[in-house]
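Reviewing the structure listed below.
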Amino acid sequence: MKNSKHKMKKSLGQNFLRDEKVIEDIINAAMITKGDVIFEIGPGDGALTKKLVETGARVIALEVDKDLVVDLQKKYAQYTNCTILHQDVRRFNLPAYLEKEKITSYKVVANLPYYITSSIIRFFLESETPPKDMTIMVQKEVAERITAKSGKLSVLGISVQYFAMPEIVMTVPAEAFDPVPQVESAVLHIKEIQKYGSRTKKYTKKFFQIVRIGFSARRKMLLKNLTKSTKYEKEQLQEICTHIGIAPTARAQELTLKQWHKLTQNM
Ligand code: SAM
């Protein structure tokens, strides 16, 4: 299956999957049925694409590397359930595409390019038209941050858990890829995705503004960060924190998702 002609582009995060068992496990974790529409980001030389197409689902694969797109379009020309688009995912007009193709529901299944993992996840979760679920290969350390429990939350963990339920399906050794990357990987399944976390766009904006301010200087106390960058006086913020059960000495990473919500509602 190795594509000897293709010169790997490290800058595009090109580490291709070579372990058939891992590919099978991703397909199983995605729980695909024939009527599904799947967006694959970065099909590469098509290792995962092939198995996705074989499920009978409709596959739409977005690849930024023109050389790979040419090969893939040739390879999948005879499959009516596969579309290969030459497209940078970050510039993809998803709502327009969904409307044009009359797609009302879709999933994302991908071995992501790691250099833009969080922007791809945010692109889909924050979309006007989010996916039903996402099954994605990411760097193991990133998967752990995304699924971190209360008390160890980061901005990344909060940004995913605000919208959905992420869980690690399995970890994947570096040797499953070619070339072998320097990091371990993990497959994440992000389910129960809700538009704006079922809240309004305005609330969501405010929530993340507060979270970003809270984390602006990680070593400093939350209260200090909030006093510096919001219109509130220190005493007012102290009162709000006490009211919702946040210790005045707390640092941002110690808060639970629920406490971030309470803070947003009280400010
Ligand atoms: N799916 C293949 C596999 O599992 O073997 C390849 C995965 S590789 C980790 C990531 C792929 O994403 C590469 O093919 C790369 O060219 C592509 N890619 C990188 N940046 C992209 C972008 N901005 N938009 C779309 N695809 C991108």
- If we ask which residues in segment 152-183 are exposed (fewer than 15 other Cβ atoms within 10 Å of the Cβ), touching a Lys or Arg at 6+ places or on another chain (Cβ under 6 Å) and closer than 16 Å to V22 by Cα, their number turns out to be 1
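Could you run through segment 163-200 and say how many residues are of a type outside the set (A, V, I, L, M, F, W, C) and more than 19 Å from the chain's Cα centre (by Cα)? Quick ask: steps written out before the conclusion?
Here is the first cut: in segment 163-200, the residues of a type outside the set (A, V, I, L, M, F, W, C) are 166-167, 171, 173, 175, 178-179, 181-182, 184-185, 189, 191-192, 194-200.
Now drop any that are not more than 19 Å from the chain's Cα centre (by Cα), which leaves 173, 175, 178-179, 181-182, 199-200.
Of the residues in segment 163-200, 8 are of a type outside the set (A, V, I, L, M, F, W, C) and more than 19 Å from the chain's Cα centre (by Cα).
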- Message: Please go through (1) at positive phi; (2) touching a residue at least 24 places away in the same chain (Cβ under 8 Å); (3) in contact with a helix residue (DSSP H, G or I) (Cβ under 8 Å, 6 or more places away or on another chain) for G245 and return the number of the only condition it doesn't satisfy.
- Response: (2)
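Taking the conditions exactly as written (modelled with pLDDT of 95 or more and either in a strand (DSSP E or B) or surrounded by fewer than 14 Cβ atoms within 10 Å (Cβ to Cβ) (or both)), does I210 satisfy them or not?
On the way: modelled with pLDDT of 95 or more: yes; either in a strand (DSSP E or B) or surrounded by fewer than 14 Cβ atoms within 10 Å (Cβ to Cβ) (or both): no.
Here the answer is no, as I210 does not meet what is asked.
Of all residues in segment 127-151 being basic (K, R) and within 21 Å of Q253 (Cα to Cα), which is most open to solvent (accessible area, probe 1.4 Å)? Outline the logic, then answer.
Within segment 127-151, the subset basic (K, R) is 132, 140, 145, 149.
Subset that is within 21 Å of Q253 (Cα to Cα): 140, 145, 149.
Numbers: K140: 53, R145: 100, K149: 157 Å².
Out of the qualifying residues, it is K149.
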- Kindly indicate whether any position in segment 186-200 is open to solvent by 90 Å² or more (accessible area, probe 1.4 Å), closer than 20 Å to P130 by Cα and in contact with a strand residue (DSSP E or B) (Cβ under 8 Å, 6 or more places away or on another chain). yes
- more than 9 Å from the ligand (Cβ to nearest atom), aliphatic (A, V, I, L, M), assigned to a helix (DSSP H, G or I) and surrounded by fewer than 21 Cβ atoms within 10 Å (Cβ to Cβ) - does that describe any residue in segment 6-15? no
- Residues of segment 28-63 satisfying the condition of being open to solvent by 20 Å² or more (accessible area, probe 1.4 Å) and either within 12 Å of the ligand (Cβ to nearest atom) or modelled with pLDDT under 95 (or both): T33, K34, G35, G42, K50, K51
- Find the residue count for segment 77-134, including only residues that are in contact with a strand residue (DSSP E or B) (Cβ under 8 Å, 6 or more places away or on another chain) and of a type in the set (S, T, N, Q). 6
- K224 passes all but one of (1) basic (K, R); (2) free of Cβ contacts under 8 Å to residues at least 12 places away in the same chain; (3) outside any loop (DSSP other than H, G, I, E, B); (4) out of contact with any Lys or Arg (no Cβ under 9 Å at 6 or more places or on another chain); which number fails? (4)
- Filtering segment 67-88 down to residues that are near the ligand (Cβ under 10 Å from one of its atoms) and open to solvent by 10 Å² or more (accessible area, probe 1.4 Å), which residue is farthest from the chain's Cα centre (by Cα)? D67
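The values are calculated or read from the model by the stated rules, or taken from the named source; none is laboratory data. No experiment lies behind these values; they were computed from the predicted model shown. Using ideal geometry, Cβ is built from the backbone for each residue, glycine included, and neighbour counts are taken over all protein chains shown. Side chains are part of the model used for accessible areas, which takes the heavy atoms of the whole protein and leaves out ligands, DNA and RNA. Shrake-Rupley method; radii C 1.70, N 1.55, O 1.52, S 1.80 Å.
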